[in-house]
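*Asks:* First the structure, which I've put down as structure tokens, then a few questions once you've had a look.
Each value in this text was obtained by applying a stated rule to the coordinates, not by laboratory testing. In this text the structure is predicted, and so the values were computed from the model without any measurement. Please note: Cβ atoms are built from the backbone with ideal geometry, for glycine as well, and neighbour counts cover all protein chains shown.
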Amino acid sequence: MKSTAMLAVSTLLILAIPAIAPAAETTDPHAHHMATDNKAPSTAVHKASGTVKKIDVTGSAVTIAHGPVAALKWPAMTMKFKVTDKSLFDKLTINKKIDFEFVETGRAYIVTAVK
């Protein structure tokens, strides 16, 4: 009787472990905002305001601390955007406040205009 009870308790514990174990965390805190491969690229142009934090001309990217983006239900955050139009780098300097537009394409968000 005791061995049957012990077996039942052991089985329940083994089955319960996945339910109580913490979910695996991603190393990118903004990954939930990034486009995924199985999601069709959006043609919508989004607008935001923010402050330039880092410029990577070689890597074709800019890091911006931006305010909320209501259309995407994003809170204010700091994130990296791709820059495919190299002339936009002329409008970017560290700590400069900017208004910018961006689009979602595949796995990236690309800055398309800077004011």
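*Asks:* Quick check: residue separation of Glu101 and Lys53 times 0.36 nm, minus the Cα distance between them. What number comes out in nm?
*Replies:* 15.6 nm
*Asks:* Also, I was wondering about something else. Which one of Ile94, Ala71, Gly59 is farthest out on the positive end of the charge dipole of the range 41-115, using unit charges on Cβ (Lys, Arg +1; Asp, Glu -1) and the Cα centre as origin?
*Replies:* About the Cα centre, the residue reaching furthest to the positive side is Ile94.
*Asks:* Give me the count of lysine pairs in the range 41-115 whose alpha carbons sit under 14 angstrom apart, restricted to pairs 8 or more positions apart or on different chains.
*Replies:* Pairs that pass both the separation and distance tests number 16.
*Asks:* In addition: About its Cα centre, what dipole magnitude does the range 41-115 give when the only charges are +1 on Lys and Arg Cβ and -1 on Asp and Glu Cβ, stated in debye to the nearest 20?
*Replies:* With only Lys, Arg, Asp and Glu charged at Cβ, the dipole is about 180 debye.
*Asks:* What's the percent breakdown of Cα-Cα distances in the range 41-115 across 5 Å bins, shortest bin first?
*Replies:* 3, 17, 31, 29, 15, 4, 0
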